[in-house]
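Below is one structure, written out as structure tokens; the observations come after it.
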Amino acid sequence: MTKFHCVIATPTEQLYAGDVSYVGVPGADGDFGVMAGHAGSVSLLGAGALTIRTDDGAANEMHYIVSGGIAEVIGTTLRVLPRYAVLREKVDKADAAQQLEQLRGQFQEMTSEYRTNNPIQVRALEEKIAWFVKQSA
């Protein structure tokens, strides 16, 4: 079992740093796995479950719900830098559903002119909506 270093950090906090044997990443173009010796790469993150295995068995797994950001493999380190992330066990589904309803309301209130003139803000809101959808599931 060969390990590599993994760091998961949002813009506001570091969620994980340690040696792992496998990380399953929700990429924007589909899920992918990273193991020791993975080629250097940079990928956009999608919304979904990120799985960390600290050893070879599923008994040693951690799961995060992430959305937005990037994952990069440089040398022997994987850096996952999501815009939003939460440990799956800490998800409050009722709160997530309430937040999702409010965000969808904000999105519906946006005029087409606003969406056209503010694509970055629209994309950020879409990422946050996707994150709460995954938490509510």
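Quick rundown of the values:
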| read-out | value |
| --- | --- |
| Accessible surface of the chain, 1.4 Å probe, proportion on carbon and sulfur as whole % | 49 |
| The chain - Rg (one decimal) and Dmax (whole number), Cα, Å | 16.1, 54 |
| Local electrostatic count at I70 - Lys and Arg +1, Asp and Glu -1, tallied over other residues with Cβ under 11 Å | +1 |
| Whichever lysines have a C-alpha closer than 25 Å to that of K93, once near sequence neighbours (fewer than 8 apart) are set aside | K128, K134 |
| Computed FRET value (nearest 0.05) for A9 with D95, which takes r as the C-beta separation and R₀ as 22 Å | 0.45 |
| Relative contact order computed over the chain (Cα-Cα under 8 Å; 6+ residues apart), in percent | 22 |
| Accessible solvent surface per residue of region 1-98, calculated while the other protein chains remain in place, 1.4 angstrom probe, Å² | 51 |
| In region 1-105, the GluC sites (Glu not before Pro) that fall in loop regions by DSSP, at most 13 other Cβ within 10 Å | E13 |
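The values are calculated or read from the model by the stated rules, or taken from the named source; none is laboratory data. Treat the numbers as computed from the prediction; the structure is a model and nothing was measured. Counting neighbours? That spans all protein chains shown, and the Cβs are built from the backbone with ideal geometry, glycine included. Ligands, DNA and RNA are excluded from the accessible area calculation, which covers all protein heavy atoms including side chains. Shrake-Rupley method; radii C 1.70, N 1.55, O 1.52, S 1.80 Å.
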